[in-house]
Amino acid sequence: MLGAILGDIVGSPFEFDRGRKIKDFGPLFSAESMYTDDTVMTIAVADALLDSGNAADVDTIKAEVIHSMKDWGRRYLNAGYGARFIHWLNSDDTAPYGSFGNGSAMRVSSAGWLYDSMERTREVARATAEVTHNHPEGIKGAESTAAAIYMARTGRTKADIKKYIIEEFGYDLSRTLDDIRPSYRHIESCQETVPEALTAFLEGNDFEDVVRCAVSLGGDCDTLTCIAASIAEAYYGIPEEYVEEVVERLPGEMCEVCKRFSGQIR
């Protein structure tokens, strides 16, 4: 989960195609590196899953996720949410609104860590998406991201992960970063963010390289890097000095959720 937060923070200065689409953009962290809505919702979902417990049924999970996202989102209203989500956040309505935006994939990382089977991982990932992003592409984005994290943390190879994602979710992972980069633009759909984030993970040589690969694509850079780095954390781990950089940039109440979560992961 901390990988997702790190990816959000590192990618934030380059969102809306503000970078030069290069890997060598200087230090990972700068004075402009800050958390966004991606971090707030990652924390909210993790908090909800911890509160609901490993054996909770889907309806309980959904209720906890809705409560937690509205609670955390209202605490941090200026974090940069999309228009439809902030309308949902500020209303009393709890119904989903058919989104296929990449928010379902950026907030799901905790589901990839907390459960003992792929079946349960995907079931919970689907539940975290469906509370707002109940379009098939929104659900697919969340499930595929959580599945990749689960496989990475349980020792599967990149070839295994790539094969599973293609067969189960139908994403095109045949393109290289060099193929994607020239025409890639800021877009906030799962179907045009998750495959690109997966490709950054697959091409990267270590945790930092995955982050740099993701940033180099541009586009919705904080979210794309959030997703890629969430998988990279499960595969490589995170260097301790980067953990410290992340903690320094988070409010204390978010750090408390991260500590609680780290005590529960298997």
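The values are calculated or read from the model by the stated rules, or taken from the named source; none is laboratory data. Treat the numbers as computed from the prediction; the structure is a model and nothing was measured. Please note: Cβ atoms are built from the backbone with ideal geometry, for glycine as well, and neighbour counts cover all protein chains shown. For the accessible areas, the whole protein counts, side chains as well, though only heavy atoms, and no ligand, DNA or RNA atoms are used. Shrake-Rupley method; radii C 1.70, N 1.55, O 1.52, S 1.80 Å.
Restricting things to alpha carbons, tell me how big segment 200-245 is in terms of Rg and Dmax, in Å.
9.8, 28
For the chain, what is the number of Lys pairs with C-alpha distance below 28 angstrom, counting only pairs 8 or more positions apart or on separate chains?
So the count works out to 15.
Provide the per residue accessible area, probe 1.4 Å, for the chain, rounded to a whole number of square angstrom. Don't jump to the answer; show the numbers that get you there.
Working: 10600 Å² over 266 residues.
Value for the chain: 40 Å² per residue.
Given Cβ point charges of +1 (Lys, Arg) and -1 (Asp, Glu) and nothing else, what value in debye, to the nearest 20, does the dipole of segment 129-266 about its Cα centre take?
400
Apply the Debye scattering formula to segment 44-92, with a single equal point scatterer on each alpha-carbon and no solvent, then give log10 I(q)/I(0) at q = 0.13, 0.18, 0.25 Å⁻¹.
Calculated log10 I(q)/I(0) at the listed q: -0.31, -0.56, -0.88.
Quick one: putting +1 on the C-beta of Lys and Arg, -1 on the C-beta of Asp and Glu, what dipole do you get for the chain around its Cα centre, in Debye to the nearest 20? The partial results should precede the final answer.
Details: 27 positive and 44 negative charges, 55 e Å.
Using Cβ point charges on Lys, Arg, Asp and Glu, the chain gives about 260 debye.
May I ask you to compute the full-extension gain from residue 119 to residue 205, defined as 0.36 nm times their residue separation minus their alpha-carbon distance, rounded to one decimal in nm? Let's see the in-between values first.
Numbers: separation 86, 0.36 × 86 = 30.96 nm, distance 2.88 nm.
Computed gain between residue 119 and residue 205 is 28.1 nm.
Name the most mobile residue of 201, 169, 100, meaning the one with the largest mean-square fluctuation, in a Gaussian network model of the chain with Cα contacts below 10 Å.
In this elastic network of the chain, the residue with the biggest mean-square fluctuation among 201, 169, 100 is 169.
Let me know the Kirkwood hydrodynamic radius for segment 159-266, please, with Cα pairs as the basis and the value in Å to one decimal.
Numbers: mean 1/r = 0.0670 Å⁻¹.
Kirkwood hydrodynamic radius for segment 159-266: 14.9 Å.
Once R0 is set to 41 Å, what does the formula 1/(1 + (r/R0)^6) return for the Cβ-Cβ distance between residue 154 and residue 83, expressed as a FRET efficiency to the nearest 0.05? Write down the numbers at each step before the final one.
Values: r = 38 Å, r/R0 = 0.92.
Between residue 154 and residue 83 the formula returns 0.60.
For segment 42-155, evaluate the Debye formula with one uniform point scatterer on each Cα (no solvent term) and list log10 I(q)/I(0) at q = 0.09, 0.11, 0.13 Å⁻¹, rounded to two decimals.
Values, matching the q order: -0.20, -0.30, -0.43.
Find which of 144, 155, 180 sits farthest along the positive direction of the dipole of segment 134-192, computed with +1 on the beta-carbon of Lys and Arg, -1 on that of Asp and Glu, about the Cα centre.
155
Which value in Å does the Kirkwood hydrodynamic radius of the chain take, with 1/r averaged over all unlike C-alpha pairs and then inverted? Show your work: numbers first, answer last.
Working: mean 1/r = 0.0565 Å⁻¹.
Its Kirkwood hydrodynamic radius stands at 17.7 Å.
Taking all protein chains as present, what is the carbon and sulfur share of the accessible area of segment 168-259, in % to the nearest whole number, probe 1.4 Å?
Details: 1460 of 3400 Å².
Roughly 43 percent of what the probe reaches on segment 168-259 is carbon or sulfur.
Answer with one residue from 170, 14, 49: the one whose Cα lies farthest towards the positive end of the charge dipole of the chain, charges on Cβ with Lys, Arg +1 and Asp, Glu -1.
170
What is the mean projected area of the alpha carbon convex hull for segment 1-86, to one decimal in square nanometres? Working shown, then result.
Numbers: hull surface 27.6 nm².
Here the figure is 6.9 nm², rounded to one decimal.
What relative contact order, as a whole-number percentage, does segment 138-266 give when Cα pairs under 8 Å and 6 or more residues apart are counted?
Details: 124 pairs, mean separation 31.1, N = 129.
RCO, segment 138-266: 24 percent.
Could you pull out every residue, at least 5 positions away or on a different chain, whose amide H is within less than 5 Å of the one on residue 189? Hs are placed 1.01 Å off N in the peptide plane, and Pro or chain starts have none.
102
Note down the relative contact order for the chain as a percent, whole number, built from C-alpha pairs under 8 angstrom at least six residues apart.
On the way: 484 pairs, mean separation 80.0, N = 266.
That works out to 30 percent.
Placing +1 on the Cβ of each Lys and Arg and -1 on the Cβ of each Asp and Glu in the chain, which of 90, 105, 34 has its Cα farthest towards the positive end of the resulting dipole?
Selected residue: 105.
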